[in-house]
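Report on one structure; see the data block that follows.
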Amino acid sequence: MKLKLIIGTILIAFYSSCDSQPKNNTKPNILIINIDDMGWKDVGFMGSEYYETPNIDYLASRGMVFTNGYAASANCAPSRACLMTGLWTPRHGIYTVNSSERGESKDRKLIPTPNTTILAPEHDIIPKLLKRNGYKTCHAGKWHLSKNPLEYGFDINIGGGHNGLPSSYYPPYKNVNIAKGNSQYLTDLVMENALKFVDTIASPFFLYYSPYAVHTPIMPVDSLLPKYKKKAPWNGQGNPEYATMVDNLDRNIGLLINKLKERNLFDNTLIVFTSDNGGLYGITKQKPLRAGKGSYYEGGIREPFFFVYNGKIEPNSKSEVPITNLDIFPTMLKYAGIENTQLELDGANLSSVLEGETETFERSLFWHFPIYLQAYNKKDNENRDPLFRTRPGSVMRKGDWKLHYYFEDNGVELYNLSQDIGERNNLATINLEKKEELLDDLKNWWKQTNAPIPTDLNPEYRE
């Protein structure tokens, strides 16, 4: 009788303990992997036959790949601000890195919109919201939105500051403040510290893994160079030094996957993989996409993009639905069970697409860039002109149609991406009805977002 009473007491205590924290136990861990300057085809699962990314390819196979995945901006800081806030660029005012007056003044017809360089702290961004809802939050790698990510909702900061790139991937790193470890190469050291976080933290946690790689400076991992020097170039990809950086990054992501599995965390972790903008044209190319980082042609904004969440997202699935990194925030809120935030986000909750409930998603995507960004190679580029990767303008995509609008000359380009993914055949003078439809939509979007339109002429401009 006493034995039954003791057993009964133990069982009651056990079930009471389980009932006391069911919400915490069911919340998924959240991992966002945001690579720096990795192009649409810089990975094996998107078709590269030059770069070797077996760990990233494996991870992609465990979830849904979006073939029409985009960054909300074509360069680093604004894209990261969009991801963190879930807002279009006009709502946070970060359009580029440093000054908006890029390139020579004599080549700029308009006075560009002033740029914001630090994300306003009043924005209720991803780590702030997750921290308020019981998550332990960690930033690992490149931040680029302020001097200190700890002031924006992160509990732990591994190497993040306002710098957009490291002075060196080898010590001394100079502008990257990071605790020393067993690793020397910066990508390895960032992951070494991130693994310590995962190894010691209790669920639920949010890890924003945002390595400096594969941004310049191009500094190879010497042990990997012989392998890529022996490989034949493929489709505009053939830089062996850059390839070693991609390879090493992939190895580190493999270590992270293994750590999650070792701690039985993988199955209850929502994982998002993407890049902040297109690949650096001249270092790597994304054929048949046009141009690269800094351009609003497809090569500058279309990214490798996938979601993984065991039991919710079907492995080896694909979607052609156009998405952007703005969609990460609302989708993450859905799976974390966080409601009534009163946030007005510009992205969309993708859970119905991820769980196979819908195959279409009707909405337009917009990009706004009221400033200048100079070319980095005037002799080898696929931009609108050789002087600038982007001149002030806006871009939108609606269905298969994509429209470019330029403020200097009211120039319009119109492409049907289903027939012309390389944006070579401008249909603006042929399909006038579609051009006007998209222009009306774009002008309405300008009003809705209070998007700044530069109109003042630059007195130093010389035609």
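The values are calculated or read from the model by the stated rules, or taken from the named source; none is laboratory data. Everything numeric here is computed off the predicted structure, so don't read it as measured data. Positions of Cβ are backbone-derived with ideal geometry, glycine not excepted, and every protein chain shown enters the neighbour counts.
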Return the residues of region 431-452 that are in a loop (DSSP other than H, G, I, E, B) and among the aliphatic types (A, V, I, L, M); say none if nothing qualifies. ALA451
Residue by residue through region 90-121, note down the ones that are on the phi > 0 side of the Ramachandran plot and in contact (Cβ under 8 Å) with a residue 60 or more places away in the chain. GLY103
Working only within region 302-343, note down all residues that are of a type in the set (S, T, N, Q) and either free of Cβ contacts under 8 Å to residues at least 60 places away in the same chain or outside the structural domain of ASN75 (by TED's automatic domain parsing) (or both). THR331, ASN340, GLN342
Candidate set: region 352-373, residues that are modelled with pLDDT of 95 or more and surrounded by fewer than 17 Cβ atoms within 10 Å (Cβ to Cβ); chosen: the one farthest from the chain's Cα centre (by Cα): GLU357
(1) within 19 Å of THR113 (Cβ to Cβ); (2) touching a residue at least 40 places away in the same chain (Cβ under 8 Å): which one isn't true of LEU438, the others all being true? (1)
From the list TYR185, TYR212, TYR228, TYR242, which residue is assigned by TED's automatic domain parsing to the domain that holds ALA77, closer than 20 Å to ALA81 by Cβ and crowded, with 18+ Cβ neighbours inside 10 Å? TYR212
Condition test on ALA428, is it surrounded by 17 or more Cβ atoms within 10 Å (Cβ to Cβ), assigned to a loop (DSSP other than H, G, I, E, B), on the phi < 0 side of the Ramachandran plot and more than 26 Å from the chain's Cα centre (by Cα)? yes
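Table: residues versus (1) out of contact with any helix residue (DSSP H, G or I) (no Cβ under 7 Å at 6 or more places or on another chain); (2) within 19 Å of SER295 (Cα to Cα).
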position: PHE361; (1), (2): no, no
position: ASN377; (1), (2): yes, yes
position: ARG391; (1), (2): yes, yes
position: ASP409; (1), (2): yes, yes
position: GLU413; (1), (2): yes, yes
position: ASN450; (1), (2): no, no
position: GLU463; (1), (2): yes, no
Take ARG132 and tell me if it is on the phi < 0 side of the Ramachandran plot, over 22 Å from the mean Cα position of the chain (by Cα) and crowded, with 20+ Cβ neighbours inside 10 Å. no
Residues of region 293-308 satisfying the condition of being closer than 20 Å to TYR406 by Cα and part of a loop (DSSP other than H, G, I, E, B): LYS293, GLY294, SER295, TYR296, TYR297
The one condition TYR415 fails out of (1) touching a Leu at 6+ places or on another chain (Cβ under 6 Å); (2) free of Cβ contacts under 8 Å to residues at least 40 places away in the same chain; (3) of a type outside the set (A, V, I, L, M, F, W, C); (4) surrounded by 19 or more Cβ atoms within 10 Å (Cβ to Cβ) is (1)
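This table checks each residue for (1) without any contact (Cβ under 8 Å) to a residue 60 or more places away in the chain; (2) out of contact with any Phe, Trp or Tyr (no Cβ under 7 Å at 6 or more places or on another chain).
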residue: SER167; (1), (2): yes, no
residue: TYR170; (1), (2): yes, no
residue: ASN175; (1), (2): yes, yes
residue: GLN184; (1), (2): yes, no
residue: THR200; (1), (2): yes, yes
residue: TYR208; (1), (2): no, yes
residue: ILE218; (1), (2): no, no
residue: ASN239; (1), (2): yes, yes
So THR137 ticks every box in (1) of a type in the set (Ser, Thr, Tyr); (2) within 22 Å of the chain's Cα centre (by Cα); (3) in a loop (DSSP other than H, G, I, E, B) but one. Which box is left unticked? (3)
Is it the case, given these coordinates, that GLY141 is in contact (Cβ under 8 Å) with a residue 60 or more places away in the chain, at positive phi and either touching a Gly at 6+ places or on another chain (Cβ under 7 Å) or of a type in the set (Lys, Arg) (or both)? yes
Quick test of your reading of the structure: VAL353 fulfils all but one of (1) in a loop (DSSP other than H, G, I, E, B); (2) over 28 Å from ASN450 (Cβ atoms). Name the failing condition by number. (1)
